[in-house]
Amino acid sequence: MLAFKSGFVTIIGRPNVGKSTLINNIVGQKILIMSNKPQTTRNKIQTIYNGEESQIVFLDTPGIHKPKNKLGENMVKAAKDTLNEVDVIVFLVDESTEIGPGDRYILEMLKDVKTPVILGINKIDILEPDAYKAVYEAYSEYNIFDEIMGLSAINGKNVDKLIDKLVERLPDGPQYFPSDMITDQPERFIVSEIVREKLLHYLHEEVPHGVAVVVNFMRQREDKDIIDIDVTIYCERNSHKAIIIGKNGKKIKGVGKSSREEIERLLGSKVFMEIWVKVKKDWRDKESMLRNLGYM
């Protein structure tokens, strides 16, 4: 009988290279929010892959970037700290044939890390063979990777091979979480992330990064199959509040409708949701607010 293998893996990379998409593909269910805007992930979220004789606990961390405020500083610190807490690191890059300053910054960090590192070249579904070869050769010159492989997070190409490579490098260990568990986050957190994802889709420019979402309560009605959810969206400016609400409330209604539909699928129940928009000036630079929101 094979020994059970388990351990912790983090996927790092510049913002918007597909880290959340990859983890959602691995666990087979949408847990981490996805957006075409950078800095989608703010919290270090644990998701769990359960194999027949293995369990991988993924720490999804914020994209490593140059911070502009206290929220950004905490996001980068969370990502850096994780490198020394895990059994394997996956450094995910995209189809860019030139190594930019963001990737070079991460490469310099990885030089000092003793943890095994696998380089994942994402988006091979849109990469020509010559372009893939150029990316492969550019990164291999750093001589810090235990493995380099191409994959597509969005369509799952080679994701199973990546899982095999990760399991090979995990130690023998216990099953940390039940086999039917795919995240350690409570439903309230996932609900708040769904609402924040819809905001990222509906809004534009700087406003999405100045919003936080808090679920004030979730209550199951005793006599009906309905869950009441009360949500507050915090933003930093009165002008942002007006943008979030939209003309005649059209934008916030769209956010509410698309959020509710996804939350109903998640919870398997009808949902009645109320959304409030409040202004907390410069909340991303206030430690007390960041603590209350779970970012510190």
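Table for the structure above
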{"item": "Region 187-292: mean projected area of Cα convex hull, nm²", "result": "6.8 nm²"}
{"item": "Unit Cα scatterers, Debye sum, region 223-268: log10 I(q)/I(0) for q = 0.18, 0.23, 0.32 Å⁻¹", "result": "-0.66, -0.89, -1.17"}
{"item": "Region 113-142 and region 92-111: distance between their alpha carbon centers, rounded to Å", "result": "10 Å"}
{"item": "Those aspartates and glutamates that a straight Cα-Cα span of less than 12 Å connects to LYS161, excepting residues fewer than 8 apart in one chain", "result": "GLU147"}
{"item": "Vicinal HN-Hα couplings computed from phi for region 147-157 (Karplus, 6.51 cos²θ - 1.76 cosθ + 1.60; Hz; Gly/Pro x)", "result": "7, 10, 8, x, 7, 10, 5, 7, 10, x, 4"}
{"item": "Stretchable slack from ARG104 to SER239, in nm (0.36 nm times residue separation minus alpha-carbon distance)", "result": "44.9 nm"}
{"item": "At R0 = 45 Å, FRET efficiency that the Cβ-Cβ distance of SER96 and LYS224 yields, to 0.05", "result": "0.30"}
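No lab work stands behind these numbers, since they all come straight from the coordinates. Please read these numbers as outputs of a predicted model, since none were measured by experiment. When we count neighbours, we look across all protein chains shown, and the Cβ atoms used for this are built from the backbone with ideal geometry, even at glycine.
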